[in-house]
Amino acid sequence: MPQIRETTPEDHRTPSAALQRLHREEEGLATAEYGIVMLAAVAFAGLLTAVLSSETVRGWLEALVQQALNAG
């Protein structure tokens with residue numbers, strides 16, 4: 001989390017300097033956010049793989065496909 005700091009007189013004279021400093025302070029946040037999203041995606045993929053490879057779900061999916069093929 002970025003630290004909150006007091007503004008300086010320079011900040012009021014040149015807003016771009018304040019924005020540049022803020023950008024430097026938050027530079028690594030986007031990378032950390034992408035890392036968290038990637039970890040969540042991998043965890044979800046693992047959970048989905050475990051669920052879909054279980055015998056109960058496999059039997060349900062096979063029955064669904066058989067029903068769809070027999071309907072035509």
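The values are calculated or read from the model by the stated rules, or taken from the named source; none is laboratory data. Quick caveat: nothing in here was measured; it's all calculated off a predicted structure. Quick reminder, even Gly has a Cβ in these numbers, built from the backbone with ideal geometry, and neighbours come from all protein chains shown.
Number of residues in the range 50-63 that are surrounded by 10 or more Cβ atoms within 10 Å (Cβ to Cβ) and polar (S, T, N, Q) equals 1.
Listed by position, the helices (runs of 4 or more DSSP H) contained in the chain that have at least 3 residues being in contact with a helix residue (DSSP H, G or I) (Cβ under 9 Å, 6 or more places away or on another chain) and either of a type in the set (S, T, N, Q) or at pLDDT 80 or above (or both) are 55-71. In the range 36-51, the residues that are free of Cβ contacts under 8 Å to residues at least 60 places away in the same chain reach residues that are assigned to a helix (DSSP H, G or I) with C-beta atoms within less than 8 angstrom, at least six apart or across chains, in these pairs: Val51/Val57.
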